[in-house]
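Worksheet: one structure, shown below.
The values are calculated or read from the model by the stated rules, or taken from the named source; none is laboratory data. Because the structure is a prediction, the values reported are computed rather than measured. FYI the Cβ positions are ideal-geometry reconstructions off the backbone, even for glycines, and counts take in every protein chain you see. Ligands, DNA and RNA are excluded from the accessible area calculation, which covers all protein heavy atoms including side chains. Shrake-Rupley method; radii C 1.70, N 1.55, O 1.52, S 1.80 Å.
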Amino acid sequence: MSAQPLAPRYDPSRSYEWNFENAPSPLSVAVPPFPGEQTFCGLPVASPLGIPAGPLLNGKWCLYYAGLGFDVLTYKTVRSSPRDCYPLPNLQPVDCGQLNGNETELPVGNTMHGTWAVSYGMPSMGPEFWQRDITATRDALPADKLLSVSVVGSMQPGWTIDDLARDYARCARWARDAGADTVEANLSCPNVTSCDGQLYQHPRDAALVAAQLRDAIADTPLILKIGYLPDTALAKQLIDAVAPYVQALAMTNSIATTVRTPAGKLLFEGQCRGICGDAIRQASVNQVATLHTLIQQQGHPLEIIGVGGVQNGTHVEHYLTAGAHAVHMATAPMMDPLVAIAIREHWSGAAHSDRHERPRNTDKR
């Protein structure tokens, strides 16, 4: 990898609010081209590399990573009303190998070795802020970059699933009107206990939400973010239920476990937290392969966005080979903001020049 400037990064020792207010300024960095013609949900894009909602706290963070080789920037999940972040630690290193989804508990790690438990709780600024910020961000992004906006409904006491769906749709409409190129509905968050964090496990409810989202944003591409789903029968039901309304599924939004200290104390009041980073990579690649096969068998024109544990060009290749159309990463760029430069250098070599010359689904429906 060629010499690059020192890149600022998210500081896990400081609060979410501090990191929100102290976003780095864009760097002047040479970005190698990615071979082949690429699309994302039917829209032209320079590479399959993107960042999911986690690290992109606001527009300044989006612009920072846009200059470092990422072409799809997913604005961190927004709500119809403000929501505070959980207290520190928000990113707790854990010690483990590759997970299989059956784990119920992991030990705390003293240092970060590629995997951490994530504890944010899907915080959000109020819509009066994030709508203005999305508009300003889209205006400042280069034309060849895509801004995706992650949205979630906020379940309230006494609400039905219809009420929750309307709240999802309200946020999605606001995001589209503010300038989002695509909208991603977060149907999976292991860090909250309300039903908005587990919708992907309930196909009928997920379809009801997806239908309202589709009505709200017309022909804007719609993505559903889902969690770990090892039940093939349930995965098939989910695909059949949401396929009429969406362009893509993004997976995997972590694997949930509890976390214990060496002294035997359970962190986070004993509640599960999503494990993200290297340890979920193989499980997520396997899920991509399984759902890709189901999508092909059922004839649905759905794309898959592979997420989980990507650290280098070889990992990108594993996801694309498994059936992902795009590959997004969060943990690696939070640790090394220049990781996309290295990945693009890996893929720009002659040995990889034809890897992406394969049929692409560009049906916008």
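Details
- Which listed residue is at pLDDT 95 or above and under 23 Å from K145 (Cα atoms), from I305, I275, I295: I305
- Boolean, Q131 is in a strand (DSSP E or B) and open to solvent by 20 Å² or more (accessible area, probe 1.4 Å): no
- Applying a threshold of 6 Å to beta carbon distances and a minimum spacing of six or more residues, or different chains, the list of pairs starting in the range 93-115 at a residue that is in contact (Cβ under 8 Å) with a residue 60 or more places away in the chain and ending at one that is surrounded by 12 or more Cβ atoms within 10 Å (Cβ to Cβ) and in a loop (DSSP other than H, G, I, E, B) reads V94/G109; G101/Y228; G101/P230; L106/C96; P107/D95.
- Qualifying position, being part of a strand (DSSP E or B) and buried (at least 20 other Cβ atoms within 10 Å of the Cβ), among L164, L147: L147
- Set L43, L73, L63: member being more than 22 Å from G306 (Cβ to Cβ) and of a type in the set (A, V, I, L, M): L63
- Residue in the range 298-320 that is of a type in the set (F, W, Y) and under 18 Å from the mean Cα position of the chain (by Cα) present: yes
- Counting only residues that are open to solvent by 50 Å² or more (accessible area, probe 1.4 Å) and β-branched (V, I, T), the range 283-310 holds 2 of them.
- Among the conditions (1) aliphatic (A, V, I, L, M); (2) more than 27 Å from R173 (Cα to Cα); (3) free of Cβ contacts under 8 Å to residues at least 40 places away in the same chain; (4) in a helix (DSSP H, G or I), the only one that L291 does not satisfy is (3).
- Taken as a whole, the condition of being more than 29 Å from R260 (Cα to Cα), open to solvent by less than 10 Å² (accessible area, probe 1.4 Å) and either among the polar types (S, T, N, Q) or more than 18 Å from the chain's Cα centre (by Cα) (or both) applies to G126.
- Matching residues, the range 204-253, being under 18 Å from Q298 (Cβ atoms), open to solvent by less than 20 Å² (accessible area, probe 1.4 Å) and outside any loop (DSSP other than H, G, I, E, B): A206, A207, A210, L224, A235, L238, I239, V242, A248, L249, M251
- Enumerated strands (runs of 3 or more DSSP E) restricted to the range 1-115, each holding at least 2 residues that are open to solvent by less than 60 Å² (accessible area, probe 1.4 Å): 38-40, 43-45, 49-51, 72-78, 91-93
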